[in-house]
Every structure is written in C-alpha cells, then in structure tokens.
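The values are calculated or read from the model by the stated rules, or taken from the named source; none is laboratory data. Keep in mind the model is a prediction, meaning the values are calculated, not measured. FYI the Cβ positions are ideal-geometry reconstructions off the backbone, even for glycines, and counts take in every protein chain you see.
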C-alpha cells in the first residue's frame, strides 16, 4: 500500500505491517483514504481529531444553510371579508418569518365552472401583501384546486432576521438565568441628598467653635502677659541694686561716721 505522511508527503509503498509500525511509532492512526486505488492509499493521521474537525465544519455549514419552508393557507371562492382578513394576517405572519406561502383555492360543485373567482381572490391577496411577497409561481388551476406560491421579499427577510436575533437573545438570557448566571451591571454613583446637610452642619459647628477658640487663645495670651509683668516687677527686689544717687549718699554718710569715730578716739587719748 502507498503510505502518506500527516503533512501530505509521500512515504512510499510499504507493507501493511511496516505501515502500521510507522504509524504506531508516531502515535497516529493508519487510515485508508483511497481503497479503489492500486495500490491502496493510506494516510497516517489522528483519526479522533479528524472526526472532530469534520463535525465542526458540518455544524458551521448547517448554520449557514437556509431552510426552505412552505406554509399553506386555504381559501374558498365565496369567502367572507372577515375570514379573508384572518387568512391575510396568517400569510403576512408566515412571510415575516421568512417562509414561503402556498395559496390554495378549493372549488365545490358549480364553483368549479367559474375559475375567475379564484383568480380574483389570489390577485386580491397578492395586492394586500405586495410589500412582503412576490409571486414565485403564478396561479394555475388543477382539477378542483387553484394554487399560487409567494416568496418573501427582502423587507420580509429583514423583519425575519431581526425577529430571530431578538428570539436568540431572549433564549440565551433564559438559559443563563436557568443556569444561575446573572450579569453584573455597573451601579452608578448615587449622591444621597440627605448626607449633604450633615456636611453643612459640620461647617456650622466649626464656625461656632472658632470664636471660642479665639477667646481661649486671647485669655491664654493675657495670662502670659501677666506673668511677664510680675517678673518685671520682682526683678528689682531680686537684683537689690540701688540707684546711683542713693549709693553716693550712703558713701558720704559712712565717711562722716568714720571721721566722727576718729575724733572721738583722739579725744579719748588726749584725756
């Protein structure tokens, strides 16, 4: 068999045992990709990873696919206006969901001999839905039935896409709520008006306290001044310094007392 490496390069023609040994050494699987070739072609790969990648691709392809759904509404040639409005609203709903609408008119008895009644009916319906529908298959009569197929316009498809987005968002929100996942919203800062007067009250208290503090400081300053005055008045007593005139008077008096004492001594000696 011809063996292909994981990167697509050719390994060569190998026996089955040798190819299996090579795949086992690389930790891979040996997968036959072209059994009808001569010799058969096998590729070394991780088969589990390959299957997973294929499933992912198929899932993505299904998401991009559009399902063609045809829904039917039925009419009678002699239908009343109220019943006709009900059928028109149902057809409008189907077109808004992105589905095609098949209009069927059934004839009974002698109604089968007047197909123009059916044509008038489908034309009336088409005129009412001209913004949401286009004629994909014109009205044609087959036996006792007349059919016409309408397809949604671009406007109807846009409406259907918007409705699908809303539905998907609601379903995701419901799923998250069922799982207990709650979105945390940012809470805006709320200024409580009741707290503002408290700040004003603090300012008022400070204003009221300020004069008291000033009075206390003034009183303290006055006490300091009194202490200083007391120190100034007591200073002469501590220093015991006499003015210059008093000192001279004391010296003169002491000199006179000394002279008097000397004279008394001399008189005593003379006697």
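Being in contact (Cβ under 8 Å) with a residue 24 or more places away in the chain and assigned by TED's automatic domain parsing to the domain that holds residue 74: is that true of residue 135 here?
Judged against the criteria, residue 135 is not a match.
Can you list the strands (runs of 3 or more DSSP E) found entirely within the stretch 97-178 that contain at least 3 residues being surrounded by fewer than 14 Cβ atoms within 10 Å (Cβ to Cβ)?
Working: elements: 100-106, 133-142, 145-152.
Result: 133-142.
Residue-by-condition table, conditions (1) in a helix (DSSP H, G or I); (2) surrounded by fewer than 15 Cβ atoms within 10 Å (Cβ to Cβ); (3) more than 47 Å from the chain's Cα centre (by Cα):
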{"residue": "11", "(1), (2), (3)": "no, no, yes"}
{"residue": "18", "(1), (2), (3)": "yes, yes, yes"}
{"residue": "52", "(1), (2), (3)": "yes, yes, no"}
{"residue": "60", "(1), (2), (3)": "yes, yes, no"}
{"residue": "74", "(1), (2), (3)": "no, yes, yes"}
{"residue": "77", "(1), (2), (3)": "no, no, yes"}
{"residue": "89", "(1), (2), (3)": "yes, yes, no"}
